[in-house]
Amino acid sequence: MLSCTLLLWSCNASNEPKKPTIGVSFETLQTEYWVAGFEAIKAELKKRDLAMLEAIADGDANRQLEQINNFIARKVDGIIAVPKDAKTIIPMIKAANAANIPIVLYNRPADQSEAKSVAVVADNLGITKATVTYLCEQAKKSGKKYKALILMGDLGDINAIGRRDGFEEAVKPYSDIIEVVARVPTEWNQEKALAGVTNALQANPDINFIFTSSDFLFPSIISALKHANKYRKIGEDGHVLMAGFDGDATAYQMLKDGYLDADGVQNVYFESAAAVQAVLDLKAGKSLSATIPDPGFVIHQGNLNELAPKMWGAQVKK
């Protein structure tokens, strides 16, 4: 899909000077996070009076390469891309480099290579570690022992690796009270998540501590917990300590309803504004760090009212 987005402004008006155009390529719009990021970038470009070409690759790296080559052929002024993974994006970066077109990666960095790009990324390890540490402290306060489960993402995605490692670093100091009994590979697939959690709960019916590497897997977790009669509110007997990562609308509702203990939030608005600014800075010849980090934040029952306005999922109408 490649189109010229018209949002009260045109890609090229014949009676006006041509506006700078940014090509925006997303690997997918599968989850609320990607939709929110896409819309935030679109709004940021509109605010800055920049034109936009958009392309969605639907999980196909070859299609994304064709789309970015199309951007280059149309002589865009910059490119913002969400790559499928850290490796397949490298030829696309090299093509943009050869055309002297700045390219910024949104939320997924590339593997190390001679290709030049800037990545705006969440501190996946740091946000996860802080989120899971909060959950571990809640476990410690209870005076109970815990059996833990982590849902891992696609480990071909560097974000998933950071979240897995953040979880492991967080639980390690609490090994006297928390035993990790299940590590469920999901490949960012809800059906695999449902099967994995269901099997883990059958093998370990006393699991009472769950972290998911993405909030979009919560429907699968909830389904499995309900099937096992283990979906209980905070404070109720049998409540499973739970935390996630992203900050989507489902997580926000679970926090409001009292089922979710904590969530690590990626700041969509920061990342989107930073990505657009980075493209403009590179176009202007400025030197930037290879990575622009999003520190994110942890939202939980104790700070929900304070931080909800900053949580992108709280602004999404379902």
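What follows is calculated from the coordinates using simple rules that are stated; it is not laboratory data. Because the structure is a prediction, the values reported are computed rather than measured. A quick note on method: Cβ atoms are made from the backbone with ideal geometry, for glycine too, and the neighbour counts reach across all protein chains shown.
Numbers below:
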item: Amide H partners (placed H, <5 Å) of residue 247, local residues excluded; result: 215, 266
item: Listed candidates (i) 39, 19, 17; (ii) 30, 24, 18; (iii) 55, 26, 20 - label of the one calculated as semi-axes √(5λ) of the Cα gyration tensor in Å; result: (i)
item: Loop sites in the range 195-275: chymotrypsin sites (Phe, Trp or Tyr not before Pro), DSSP, at most 16 other Cβ within 10 Å; result: none
item: Entries in 147/310; 47/283; 47/310 that, when Cα-Cα distance is taken, lie over 23 Å; result: 147/310
item: Integer Hz, Karplus 6.51/-1.76/1.60 couplings in order for the range 215-230, x for Gly and Pro; result: 4, 5, 8, 4, x, 5, 5, 4, 4, 5, 5, 5, 4, 8, 6, 10
item: Projected label distance in nm at residue 229 and residue 202, using a 7 Å step from Cα toward the beta-carbon; result: 1.8
item: C-alpha long axis of helix 158-171 to longest principal axis of the chain, angle in °; result: 30
item: Inter-centroid distance (Cα atoms) of the range 219-288 relative to the range 133-201, Å; result: 15
item: Residue 178 long-range amide H proximity, modeled H, under 5 Å; result: 146
item: Likely footprinting exposure, 137, 54, 306, fewest C-beta neighbours within 10 Å first; result: 306, 137, 54
